[in-house]
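The values are calculated or read from the model by the stated rules, or taken from the named source; none is laboratory data. No experiment lies behind these values; they were computed from the predicted model shown. Virtual Cβ from ideal backbone geometry, glycine too; neighbours counted across all protein chains shown.
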Amino acid sequence: MNDTKSPPPLPDRLSSNPRSPYYVEEIFEHDVGIRLNGKERTNVEEYCISEGWIKTPSPKGLDRRGQPLLITLKGTVEAFYS
């Protein structure tokens, strides 16, 4: 069985957190890659291409709900399907 369905276009802003309004489940049926300033990043929680930032979880810090604190990194953001 060949699945020839093409992946949906990547949005300008996307989050991997299901509680976020920017979460799109259909996108995550495919592998999504993110590059920041030409370097591929694997730990991206959220990105915005037009504003030029990504959010990655802090290695140790947690917020009051037990979720990791997010660190914002700025630069040229590229999203692609792997």
(message) Please count how many residues of region 7-32 are at pLDDT below 95 and assigned to a strand (DSSP E or B).
(response) 1
(request) Output the residues belonging to region 10-21 that are touching a strand residue (DSSP E or B) at 6+ places or on another chain (Cβ under 8 Å), under 18 Å from PHE80 (Cβ atoms) and not charged (D, E, K, R). (result) LEU10, LEU14, SER15, SER16
